[in-house]
Amino acid sequence: MRNEASSSNSREESVVVDCGRRRSSCGYCKSSGRTSVSHGLWAHSITVNDYQDLLDCGWRRSGCFLYKPEMERTCCPSYTIRLKASDFVPSKEQLRIYRRMQRFLDGTLEVRKPSELTENPNTSKHIGSSVCHAISSLAANESFSCGKKEENKAEEFMHHLSDLIDKLVHTYVESGEFPSGIQLPKAAVKKVSHAKRKLSVEGTEDLLYSSNIAFQIAATLRRTCSAEKDVQQLRLSGHSAEENGLCPKSVAEKLACSLNQLANISGLSIRACNGHINFYSAAKNVSSGGDVQIVALPVESESGSKSSCKKKSSEHPPGKKRKLEIRLKKSSFDPEEYALYRRYQIKVHNDTPDHVTESSYRRFLVDTPLLFVSPSADGMVPPCGFGSFHQQYIIDGKLVAVGVIDILPGCLSSKYLFWDPDYAFLSLGKYSALQEIGWVEENQAYSAGLQYYYLGYYIHSCSKMRYKAAYYPSELLCPLRYQWVPFRIARPLLDKKRYVILSDFASLQDGESSQSCIPESVMELQHDDIGLGESNDVPIDDDEEMIEIESESSDDELDPEPSGLGSTAIGDGNLTNVLVGLRGSQLRYKDLQRAFGPTERNYLEMQLHNYQRVVGLELSERMVYSLG
C-alpha cells in the first residue's frame, strides 16, 4: 500500500510527456557508438509518491528527464540499489573516513592544502597531479595504534550501553509497562560528533553519546495502539496515548531515570532531553584536543597503553579546531554552488570550461519536477518536507561540498555530489554518504516510512560503481518483478552474467542465517576501483558519488518504442483508464478515444501501450500522460 505524503497535495498530479527509447553513448564502459539504451520520459511535474513508486520500478531522474535502463539491451545493466539505514553496518574503511574527518575538525590531522604546496610558482608545475598523493602520505604516516585501541573501546562501550537499554525495555515489557506481543526496536547508542556536541547547562559536562530509541519505541507503540482494540483499552482506562507514556519524551525520561538507578556506569551522567537519551561525562576533559572521549568500560583497563596514549597526546598539542556545518536547502540556483561545481568538473573530471555552463548545471542538478510537500505534524512528513534538496557541507564558513538529493516518503535518494578538490583527502563523497544514512535513521522519528537510502544504480560491470555495495547490507532491485534481493545473493550471479532476473534466485535467502559481520566479498568492494592498500587515502576518482551521466542534448531525443519489448514487457494492457491530458483537460482514454479517427487512434494507442508497459498499469492510471 502506498504511503501518501500529505492529503493537502491531492490536487497536484504528475504530468509526463514523450515516452520513448533513448540511445546514447555510455559514460561507464566508454564503448564506441550509442550503446546505452533506456526508456525515457519528460516530466512537467511529479508527486513524491509517484516518484517513489517509479524508483521502485527502476527509474531515476536527471533534472526533469526520467529514464530507466532497458536491461536486456543496454551495454551496462544498471540495478537500483538501496540500504535500510537502521541495518547499516559500517566497514573499517568507512569508520576510518569518519574518524579522519573528526581528527581534521579537532585539529589533530596535519595536512597541507594544495594551495599551500603551490605557493612557489616555480614548483607548481612539478607538484601538479601529485598533490593528493602528498596529502595521502601525510595522513597515512600518522600513528594510529593508540587511537584505534581507544576507538575500539568506545565502540565496545556503546554496544554495552545499547544492551543495557534493551534489557531495561525487556523488563518494562515483562512488568506490563510496555505492551507485550509486539516487536520493539533495538537500541543504538551513538557517539556525538564534535560538530554537534554541546555543553550541558552546568557547563562542566560534555555530551558524549546519545540514543534516539525513545522515538522508535514511541512510534511502534503508537502504531500498535492505533488498532481498534488498543484504542478501546485506552478509552476504558481513561488515558490518552500521550498520558500512557507513548510520546518520545515520556519514554526517554522513563528509560533515563531507570538507567541512572540501575546501571553502575562510573563517570557518566544520563539524562533525557527532548526525547533523546543523552550520556554526559561527569567532568569535561579540557586537555584533549580530539573528538573521541573514551569512558572506561566496566572491565580491567590496560594501564600501560593508557599511559602511552596520554604521553603521545601531550607530545602533540592540538591544532586549530574547525567547525563543520551541514545545511539542507530546497533545490535552487546558488552562484557559490555553481562555482564549486564548475571547479569540481574541470579539476576532477577534466571537463573543458566551455562544456561546464550554467545552463547545463541548472538542467542537470537544479531543475526538478518533484512537487514539494510541506512538513506536517502527523508523523508522515519530516521537518524539511519532501522534495528535491541541496545539502551543503561548510567548514569554517567555506562551502566544500554539495550533495544533491531527493527526500521521498520511503527514502533519501542520493543523486550527485560535487566537492572542493582541495579537500580530496577527506573523501567527502563517502563521508557525505555516511551522513545521509545517518540522516535517514534520525528522521524516522518524524516519518515512520522513511527507512531507506537509495544510492542510484549499481553497475557490476563497471568497477568504479562497485563501491556502492560496500554500504552493507544493501539490496538490488530485480529488473523484471521489482523484488528486492540481498546483494550477497546477487553478486555471484552478476559475476557470471551481466543481466540476471534476480528474483528467480531470491529463495536462496530462505533458511540462511543472518550475518552479524560484513562478508569478505563485500569488504573487497572497498578497493575494487582503487588498486591501493588500505593505508592510502582514496584517490579523487573514487569519490564519484551518485553520478548520473548527463547526456548531450542530441541524445535526449526519444525514439518511439518498438512493438517488441523483450521478456521484460508485459502484455498489451487495457487502456481504458489510462489518464490522458489534452488541451488543459484530463480524461480517461475510454472517454477520449472517440475523438480520434482510425489512423490517429491506432498511433495513439501504440504510444499509450508503450507508456503503460514501461511505467506499469497503476502509474499509467494515476499520472497524466500529456498529449499537448
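The values are calculated or read from the model by the stated rules, or taken from the named source; none is laboratory data. From a predicted model like this one, the values you see are computed outputs, not experimental measurements. Note that we place each Cβ from the backbone using ideal geometry, even for glycine, and neighbour counts take in every protein chain shown. Accessible surface is based on the protein model in full, side chains and every heavy atom, while ligands, DNA and RNA are left aside. Shrake-Rupley method; radii C 1.70, N 1.55, O 1.52, S 1.80 Å.
The one condition from (1) within 26 Å of the chain's Cα centre (by Cα); (2) at pLDDT 80 or above that E151 does not meet is (2).
Which one of these is farther than 17 Å from V48 by Cβ and open to solvent by 10 Å² or more (accessible area, probe 1.4 Å): D420, D396?
Details: D420 fails: open to solvent by 10 Å² or more (accessible area, probe 1.4 Å).
After ruling out the rest, the residue left standing is D396.
Screening the candidates H44, H39 for the property of being touching a Lys or Arg at 6+ places or on another chain (Cβ under 7 Å), outside any loop (DSSP other than H, G, I, E, B) and closer than 29 Å to V580 by Cα yields one hit, H39.
Scanning segment 158-181 for residues that are open to solvent by 50 Å² or more (accessible area, probe 1.4 Å), touching a residue at least 40 places away in the same chain (Cβ under 8 Å) and under 31 Å from the mean Cα position of the chain (by Cα) gives a single hit, H160. Name the pairs whose Cβ atoms lie under 7 Å apart, with the first residue in segment 251-274 and in a helix (DSSP H, G or I), the second at pLDDT 85 or above and of a type in the set (D, E, K, R), and 6 or more positions between them or separate chains? Taking only residues 6 or more apart or on different chains, the pairs are A256/R271. Comparison of L582, L558, L587 shows that the only residue that is in contact with an Asp or Glu (Cβ under 8 Å, 6 or more places away or on another chain) and either modelled with pLDDT of 50 or more or crowded, with 18+ Cβ neighbours inside 10 Å (or both) is L558. Among the residues of segment 58-94, the ones that are open to solvent by 30 Å² or more (accessible area, probe 1.4 Å) and under 27 Å from V381 (Cβ atoms) come to 5 in all. The criterion of being at pLDDT below 80, aliphatic (A, V, I, L, M), open to solvent by less than 50 Å² (accessible area, probe 1.4 Å) and within 21 Å of Y431 (Cβ to Cβ) holds for V131. For the criterion of being in contact (Cβ under 8 Å) with a residue 24 or more places away in the chain and assigned to a loop (DSSP other than H, G, I, E, B), F364 fails. Of all residue pairs spaced 6 or more apart or on separate chains, none has beta-carbon atoms under 6 Å together with a first member in segment 24-42 that is over 18 Å from R363 (Cβ atoms) and a second member that is assigned to a strand (DSSP E or B) and of a type in the set (D, E). Name the single residue that is most open to solvent (accessible area, probe 1.4 Å) among those in segment 429-450 being under 16 Å from A470 (Cβ atoms) and among the aliphatic types (A, V, I, L, M). The selected residue is L434.
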